[in-house]
Structure formats: structure tokens, C-alpha cells
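Remarks on the structure that follows.
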Amino acid sequence: MDHHLEQQAAESEKKAVKLLGMWASPYVLQVRWALAMKGVEYEYVEEDLRSKSAQLLAYNPVHKKVPVLVYHGRPIAESQVILEFIDDAWNHRGDPILPRDPYRRAMARFWARFKQDKLSPPIWRWFTTEGEEQEAAYEAAVEQLLVLEKELAVSGKPFFGGEKVGFVDLSLSPLAYVIPIYEEIVTGGGGGGVKMVTEEKMPSLAAWMGRFLSSPAVRGHLPPLEKLRPRCQAMREAFLVSARAKVEQQQQQ
Amino acid sequence: MSPPVKLIGSFFDSPFVHRAEAALRLKGVPYELIQEDMENKSELLLQHNPIHKKVPVLVHGDHAVCESLVIVEYVDEAFDGPPLLPSDPADRAAARFWAQLMDTKCRRPLVLSFLTEGELREGFLRETKENLALLEAQLDGKRFFGGDSVGYLDIALSALSRWTAVFEEMTGVSLVGGDDFPGLRRWAEEYTSNEAVRQCLPSMEHLKAQFSAKKDKVKSVAMGHGDAAAGAVIR
């Protein structure tokens, strides 16, 4: 294809694909990485989630959340659904996001759900609580991380997707850049928090984190960490304040 | 030749296990059903689903696949037969979106509608009806969510057919079976009369007996732990 036609194709693709997102959302980020892996041109719309646009509410009336991918006017919501859609729609382009083999695809879907159902909750609890509750959450999170560690160690591959970044790596991506931020904040607060992913306890995961962050689709496409850090800090503080207020209230009754 | 297929289910007629069976039957894949006593889990189950220790688990040769909707997609992709998911990528995304919604948003208030009473029940019923209205709109007068034939989303929503009908009969509450959702009511009849589906659908009597026996145990668990419990309730 000559340059002019290529340009036209890219522009027309950009009009066909729109992504509603928010800079700090790891779910939006996964979608952006997937689109980058497929070399898809798109229009990005930054949403203010405290004041949701009419467009967002129209495209995602059920959840009213980002990311929403709009393809030729048709909205697609929920990050995992969107990732699979990107793989399906640009099947012929770039590297596969999900494996081709049915069993490996099933395993990829299984691990993505594992992260959502078993791993994210205790990590979030660890980050938003203190004292005994936090310690229990820490233990629960480590237990699940060790499951992942084993999975990766046994595979002997650089990524959960094999030789290259895939669906599971994208789903686990917050681990790579958010956990270090959480660790810094929790430890810095004097809460006695320990690092969650260490090279001694989880060598494969620790190595994966660095490898993932320097992979082509991801490198250079991270949210501004200097903006993210204070945002996470404020979130933790808000949760702690609210929990302490509840305890006080209960004690006064 | 493809290795034999075993499906690990339970004595309790779980809609999650049904999803896996419906997929296998619609696809025309012969399988052996192994029923687990969930109070006394076998080595086979623990070996093939060490992380969650739940059913259904599909065992296909060396491969063990867990999570009901993951199993349905695996069956669709690993075996020949009529496709369960649509071919258009955006239609596939829609089917996955609504299936996910069933498990993350619809299931809990539906189950709790039946396990609670009074004001609590009213609240859960209201929420359930909102969800059913969304699904009614999505069905949009079609025979099945998949169009003319049973597909992935019909299978994913199967708990809204027989299981919900049993709940409604036992409590006198009206949901899918009432007049508010004519599309869904017709869909439930179509789904439960489908040739392949019928063969793996528990009878009303059977389910009624099971729900009665389980009700009290299930209620305390569901109220205490919300989603995880509502899931555990019917597994």
C-alpha cells in the first residue's frame, strides 16, 4: 500500500475506533496496551469520572464506567471483554493476545479471572486497611501471589502469555506498576508494611514485573507515576479515616 | 480421535454444572458425568481444581478446565459442532458482557430475593427486576439470545429458567414467570424445551427437594458473605 493510502486507512480507522478512558485506571491502560499491540489507531477521550459525560452514560448505561471501546458506533464495555474483542476484531494483525490453542485459551481466561476474584480483593484490602485486618489481608494476598509465582516458574517462560506479552500479562499488569507504589505508601506510613513481591520469595514474578514494564507495547505508555502516587496515597488515607471514624462511632454507642 | 471427556459435577443440581453439560450436549460431545459429594470432595476433584476446589470441572484427556463459562467457551472451541458463540466480534463481545453481568450483578440479588423476607426481600426483588428489564431489552423479542438457536448467552443465563421457576413456585414471588417480562418468560419455555438442554436439566420436583433441604444452611452463608456465598449457595 502506498503512503497516501496507508494514511487514509489510518485516519479512517481512527474515526471507527474510540476509547473512553481515565488516565489512572489500570483497566483502561490494559486496553490501550492491547490496541498498541495490534497497531490500532483510535481516538482517546479522557473522562472526568466525578462528572460523567453524556457520551459515557449513553455508551455504558449498565455500569457507567471506563474503559468503553466504541467500534463503528457500537460500544463494548468491561476490560476483559474488550481485550477479547480486540483480539477477535484485529485477528489478522499483530501478535495474538489470547493463545490460539483452545486449552491454552481456557487457561488464559482462568488466570485472568483468578486475578480478579482471588488476587485483587486481598491486595486492595491490604492497601486500604491497617493493623490486624491489614496483616490478614497481606497474608491472603501473598498466598495468592505464590500461586501465580508457581505457575510462572513452572512454565519457564518470560511471560504468562509465553514468549510475548498476552492476555494474562495484560490482566495482571497493575501488579507490575501499582504494587510498588502501594508498597512505598504502606511502608512509608510507618504501618510496618513489608514488601509484597520480593526477589527471594517470588523470583519469577519479580523478574516478570521488570520485563513486562520494558516490553514494547508497555514501555513509554505508563500513567504518570508522580501523579499516581499522591492519588493512591489520598485513597488509602480516605479509607483509613473512614474506618477509624466508624470504630469511634461504635465505641461511643 | 479425541480423548474421552469427563465432567465433574455434584449431586446438587447446580446451574453452573448445567452450563457445562448444556454446552457439551449442544455441541454433540459425549461425556461421562461424575457426581461429587461436595461435603466430601474426592481426590479427582482436588487434583483437577486445586485452586478453587469447585465444580464443574471438565477433564478432557490431560486437560482440566475450571469455571463454567470458561468451560463453555472451551467446548465451543475444542470440538466441532454448531457454534455456541456468534461469529461477529462485536456480537461475541456483547454475549460475553451479558454473561459476565449475570454472574457479577444479577445472581446475588436473585438468590437473596428468595432467601430473605420482608423489606430486605423487597429491595432484592427490585434490584432483580431492574436486571431482568435489561435482559428483556437485550433479548429484544428474539427466540433465543443467540438468535434462532441456543447459544453461549442462553446457556449463561440458564439459571433464569428452571432454577428461577422453582424459586418462584416455592415462594409465590413472580419474576420471569410473571407478566412483566413476556420475552424472558417465552425464552425460558423455549430454553427448557430444547432437545439437547432438556436432557441435562433437573426436574422441578428434584430442585424443590434440594432447595428445601439446603435453604437454612444457605441463607446464613448468603447473608454473611454476599457474592462469594451466593455463588457457594448454588454450586
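Assorted remarks:
- Taken as Cα centroids, segment A:216-230 and segment B:34-79 sit 39 Å apart, rounded to the nearest whole angstrom.
- Placed amide H near B:I34: partners under 5 Å, 5+ positions off or other chain: B:L7, B:I8, B:G9
- Principal axis extents of the C-alpha atoms in segment A:1-136 (largest first, rounded to whole Å): 64, 42, 24.
- Relative to the longest principal axis of the Cα atoms of chain A, helix A:131-155 runs at roughly 40 degrees.
- Average Cα contact separation per residue, segment B:1-126, under 8 Å, 6 or more apart, as relative contact order %: 23 percent
- Base-10 log of normalised Debye intensity for segment A:137-176 (one unit scatterer per alpha-carbon) at q = 0.18, 0.19, 0.24 Å⁻¹: -0.52, -0.57, -0.83
- Distribution of pairwise C-alpha distances over segment A:191-253, 10 Å bins, in %: 17, 25, 33, 16, 8, 1
- A Cβ-based charge dipole, computed about the Cα centre of chain B with Lys and Arg at +1 and Asp and Glu at -1, lands at about 400 debye.
- All-pairs Cα distance distribution in segment B:63-164, expressed in whole percent, bin size 10 Å: 14, 43, 29, 12, 2
- Two-decimal Rg/Rh across segment A:100-189, once Rg and the Kirkwood Rh are taken from alpha-carbon atoms: 1.02
- Euclidean distance between Cα centres, segment A:13-38 to segment A:126-198, Å: 24 Å
- Relative contact order (%) - criterion: Cα under 8 Å, at least six apart; region: chain B: 21 percent
- Beta bridge orientation in the protein assembly as shown: antiparallel %, DSSP, nearest 5: 65 percent
- Share antiparallel - DSSP beta bridges, segment A:1-88, percent rounded to 5: 65 percent
- Note on segment A:112-253: Rg/Rh from Cα positions, Kirkwood definition for Rh, rounded to two decimals, is 1.01.
- Ordering B:L85, B:L24, B:S42 by the projection of their Cα atoms onto the charge dipole of chain B, which places +1 on the Cβ of Lys and Arg and -1 on the Cβ of Asp and Glu, puts B:S42 at the extreme positive end.
- What you get for segment A:1-130, charging only the Cβ of Lys and Arg (+1) and of Asp and Glu (-1), is a dipole of about 600 debye around the Cα centre.
- Restraint check, B:K41/B:K215; B:K142/B:K208; A:K227/B:K129; A:K118/B:K215, Cα-Cα greater than 32 Å: A:K227/B:K129
- Per-selection Rg to Rh, the protein assembly as shown - Cα, Kirkwood hydrodynamic radius: 0.96
- Projected label distance in nm at A:A36 and A:V62, using a 7 Å step from Cα toward the beta-carbon: 2.9 nm
- Rg(Cα)/(2.2 N^0.38 Å) for chain B, N = residue count: 0.98
- Taking A:E143, A:E183, A:E200 in turn, the Gaussian network model of chain A (Cα-Cα springs below 10 Å) assigns the largest fluctuation to A:E200.
- At 1.567 mPa s and 4 °C, Stokes D of chain A from Kirkwood alpha-carbon radius, µm² per second: 65 µm²/s
- Considering only chain A, percent of DSSP beta bridges that pair antiparallel, nearest 5: 70 percent
Read the figures in this text as sums done on the coordinates, not as results from a lab. What you see is a predicted model, and the numbers here were worked out from it, not measured in a lab. Glycine also receives a Cβ, built like all others from the backbone with ideal geometry; neighbour counts cover every protein chain displayed.
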